[in-house]
1. What's the number of the condition E333 fails, among (1) more than 18 Å from E91 (Cα to Cα); (2) in contact (Cβ under 8 Å) with a residue 12 or more places away in the chain?
2. Residues in region 42-55: is at least one assigned to a strand (DSSP E or B), closer than 22 Å to I330 by Cβ and open to solvent by less than 40 Å² (accessible area, probe 1.4 Å)?
3. Answer yes or no as to whether G209 is of a type outside the set (D, E, K, R) and under 30 Å from L455 (Cβ atoms).
4. Can you tell me which residue in region 16-41 is farthest from G209 (Cα to Cα), limited to those that are open to solvent by 40 Å² or more (accessible area, probe 1.4 Å) and in contact (Cβ under 8 Å) with a residue 60 or more places away in the chain?
5. If you scan region 148-182, which residues turn out to be within 13 Å of the chain's Cα centre (by Cα), touching a residue at least 60 places away in the same chain (Cβ under 8 Å) and within 27 Å of S23 (Cβ to Cβ)?
6. Taking the conditions exactly as written (open to solvent by less than 10 Å² (accessible area, probe 1.4 Å) and of a type in the set (S, T, N, Q)), does S70 satisfy them or not?
7. Looking at this structure, is K192 under 21 Å from L10 (Cβ atoms), in contact with a Lys or Arg (Cβ under 9 Å, 6 or more places away or on another chain) and outside the structural domain of G429 (by the TED database)?
8. Collect the residues in region 160-186 that are of a type outside the set (D, E, K, R), within 22 Å of E46 (Cβ to Cβ) and either assigned to a helix (DSSP H, G or I) or in contact with a Pro (Cβ under 7 Å, 6 or more places away or on another chain) (or both), keeping them in residue-number order.
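The values are calculated or read from the model by the stated rules, or taken from the named source; none is laboratory data. Please read these numbers as outputs of a predicted model, since none were measured by experiment. No Cβ is skipped: glycine too gets one built from the backbone with ideal geometry, and neighbour counts run over all protein chains shown. Each accessible area value is taken on the protein alone, full model and side chains, heavy atoms only, with ligands, DNA and RNA left out. Shrake-Rupley method; radii C 1.70, N 1.55, O 1.52, S 1.80 Å.
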Amino acid sequence: MAHSKALLVLENFIAGKFVPCSSYIDSYNPSTGDVYCRVPDSGKEEVEAAVKAAKAAFPIWSSKSPLERSQILNKLADLIEHDLEAFAQAESKDQGKTITFARAVDIPRAVYNFRFFASSILHHTTECTEMATMGCVHYTSRAPVGVAGLISPWNLPLYLLTWKIAPAIACGNTVVAKPSEMTSVTAWMMCKLLEKAGVPHGVVNVVFGTGAKAGEALVCHPDVPLISFTGSTLTAQRIMEKSAPHCKRLSLELGGKNPAIIFDDADLSQCIPTTMRSSFANQGEICLCTSRVFVQRGIYRDFLKRFVAEAKKWKVGNPSDPTVDMGALISKEHLEKVRSYVKKAQAEGARVLCGEGTDSLVLPTGNQKGYFMLPTIIAEVKDESCCMQEEIFGPVTCVVAFDTEEEVIERANSVKYGLAATVWSSNVGRVHRVAQRLQSGLVWTNCWLVRDLNLPFGGMKASGIGREGAKDSYEFFTEVKTITIKH
């Protein structure tokens, strides 16, 4: 298609330089439906060049002390923070999220990811044991692994990319990163700051393109011993198959079908606004969003009435409008997919209480072609329905009633995923009991999305393999060695 000259054209970042690509793909602004920028359609050749650069940079970078690496990470954090507004604007335009969310969550968290790992890398200790009877001392040492392949998704673009880059380089690895082809702009902007931060050439390489071409080339490359991936379970299965012949180390953070369990003694004044956020924040495009809401029968009607009333107050529209609660979904295809779940639920006899197909969506003139959808609440959905079993990844949540604690635990666990859960109750004993029995990597009680990066993050079952966090990321991005000295 024809392009105006003003269109932003991204380039790969390899060995400290921006390198043009032989072919490009269009990336759209989800809130207008127009082409926003052109992204390199990289493949084997570009990945090969990036891996070569990362390999060449590894000896120098890995021999730097943790303190030296820490100072560079902190400098990079300062530079991103200095440009916070420009990054937030770009993230909102590229992803469709509200400017408010990008300013408050995405970019500050990207900055904090670098600061956090810049600090945590200074505090790890190794183990030592003594065997006096054998006259031996054993100790462990940890070393970086090599070139890390990092593949990040489109929902929290810079936030999740830096959550991988920061620990990888803090530990002394070099990286080849592939952001989503739908949201590449903030990664490209970050590349412009690397040299100024003191990151040596080749330590961070960013190759743009699709999963099928660039992602696959990275996963299959024999000189990339570890892959960290955040995305869909389906793609992860392919990554596991492709990396198996090379015995690669994998960290996979995948989807969720997260339950919120609301007991009749819950504080609804806290619960309802939080469950609104946990269902619809970032257009429901967060792997931690709640999409199954189980409400105890005694308060079910009251909850539903108040929850729907809140949802109808949410404003959907131009993401750059600071009064808007929800922006656009990532793409036309994704919007169609999310809508199809609502249609399926209706066909199965469920009731759509608000949102898609029941309320009219009024959009500003410039946003008529954008990929918008209202917060949608569905009631009376059967547990076996695809709407209760599959990750929808959009502003759709299903609300169902339950009677007993025993029953709701069984129903909450009856999906293939196990990423996050929220429990609402003022009974401390119950909160502990239920949390213990939920098959979920994270359980929040009477809150949502409160994170301490020191602690493990990740899911059970089809929600992933491995954990991320201070200690967990350090263990993933380093190789441990046990050394025995006989004296």
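1. Answer for E333: the failing condition is (2).
2. no
3. No; evaluated as a whole, the condition is false for this residue.
4. D34
5. L150, I151, S152, P153, W154, N155, P157, L158, L160, K164
6. yes
7. no
8. Result: L160, L161, T162, I165, A168, I169, N173, P179, S180, T183, V185, T186.
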